[in-house]
Amino acid sequence: CNERPSPPAVIAAAARVDGLEAMRLAGGLARADERAVRAAVMQNPVALEFAEEGLRGDARLIMEALKIHGVRVLRYASQDFLGCRHAMMRVVALDGQTLAFGSQKLRGDRELVLTAVRQCGIALQSASQELRCDAEVVAEAVHSDPLAFRWASAALRSDRGFALRAIARDARVLKSLSADLREDAAFIEAAVRANGAALAFVPPELQEDFDVALAAVLSDSSALKFIPRALRADASFFLRAAQGGARGVLRAAAPSLRSSRAFVLQLMDYDGCSIEYACEEL
């Protein structure tokens, strides 16, 4: 007569179709069977919740499941696994966001957190408060993802030198500055001088500031597209920009300036490239 398959073998076969339901219905023997649990978890990561405790901390199984299902598999991993430095170091190197599942102690482990934020900058939000005050950790996170700056400590988000260096790397950092710095005209002017594209993220009232907008354009001519309406009809603004070395400035000027023969001729003394943006009638 044919030998009947063992319960774990039956569960393993069923798990390939519906891993969660197979583990829910499984007995203790199958829940402790590596083959059955692996089949179930590869089909549905929630199945790990019903596995025997030892398998819920199996590093090889969890790493394999992470590559298929992503971070959600860690919701069902054992606390022993989530508190194991060696295991979590491998996990955060694969996906930095998994830092959120690590134990409190590991989220304060500088080397582990650096590994996480280098892989995924926004992992900074899961780091300990102490490490969110750490300039090197935050700088690495911002280098990976500029939006990580929002999770830096209040002290670093208010640090003028640190903020300027971060903005020089990526203009989007400006969106996450402390309120004091975002409202400081002198700082904002320094910021757009460091990275003209930051003008796009400057508060509207400071975008209209002549000196701020000019500093941005002189730093990067592409900032011209962020010039507010109030300055687009200001002839002196475009003349100053051209005199400072910006090129093609007429493209951002109001129609009244682009159709002014006297103004276009004056501008040509400094910016011959702008002629292509003058009205055709000229």
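Coordinate-derived values only; no laboratory data. Computed from a predicted structure; not experimentally measured. No Cβ is skipped: glycine too gets one built from the backbone with ideal geometry, and neighbour counts run over all protein chains shown.
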**Prompt:** So how strong a dipole does the chain carry about its Cα centre when Lys and Arg Cβ are +1 and Asp and Glu Cβ are -1, to the nearest 20 debye?
**Reply:** 480 debye
**Asked** By per-residue mean of other Cβ atoms within 10 Å, what is the highest-first order of 168-178, 116-126?
**Response** 116-126, 168-178
**Message:** Need one number: nm distance between label points at Arg261 and Gln125, each 7 Å from Cα along Cα→Cβ, rounded to one decimal.
**Reply:** 6.0 nm
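Please give the FRET efficiency for Ala179 paired with Arg60, using the beta carbon to beta carbon distance and R0 = 35 Å, rounded to the nearest 0.05.
With a Förster radius of 35 Å, E is 0.15.
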**Request:** Which order do the peptides 136-144, 203-211, 149-157 take when ranked by the mean count of other beta-carbon atoms within 10 Å per residue, highest first?
**Result:** 136-144, 149-157, 203-211
**Asked** Along the Cα-to-C-beta direction of Asp211, a point sits 7 Å from the Cα; which residues of the stretch 145-185 have their amide N less than 19 Å from that point?
**Response** 160-161, 164, 180-185
**Message:** No solvent, one uniform scatterer per C-alpha: report log10 I(q)/I(0) for the chain via the Debye equation at q = 0.08, 0.15 1/Å, two decimals.
**Reply:** -0.55, -0.98
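Which value at 222 nm does the chain reach when only helices count, each DSSP H run of 4 or more adding -39,500 (n - 2.57), with the total divided by all residues and rounded to the nearest 500 deg cm²/dmol? Please report the intermediate quantities before stating the final value.
Values: 19 runs with 142 residues, N = 282.
Taking each H run of at least 4 residues, the total per residue is -13000 deg cm²/dmol.
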**Request:** Provide the FRET efficiency to the nearest 0.05 for the Ser103-Ala190 pair, computing r from the beta carbons and using R0 = 51 Å.
**Result:** 0.80
**Message:** Taking 51 Å as R0, compute the FRET efficiency from the Cβ-Cβ separation of Arg251 and Ala32 and round it to 0.05.
**Reply:** 0.15
**Prompt:** Hey, what do the phi angles of the stretch 40-57 turn into as Karplus ³J(HN,Hα) couplings, whole Hz, using 6.51/-1.76/1.60 and θ = phi - 60°, x for Gly and Pro?
**Reply:** 5, 5, 5, 7, 8, x, 5, 4, 4, 4, 9, 6, 4, 3, x, 6, 6, x
**Complete:** Among Leu164, Ala154, Ala30, the residue whose Cα sits farthest towards the positive end of the charge dipole of the chain, when +1 is placed on the Cβ of each Lys and Arg and -1 on the Cβ of each Asp and Glu, is Ala30
**Request:** Could you work out, for the stretch 98-244, what percent of all Cα-Cα pairs fall into each 10 Å distance bin, beginning at 0 Å and stopping at the bin that holds the largest distance?
**Result:** 13, 38, 25, 15, 7, 2, 0
**Message:** Using 10 Å bins from zero, what percent of all Cα-Cα pairs in the stretch 13-133 falls into each bin?
**Reply:** 16, 43, 26, 13, 2, 0
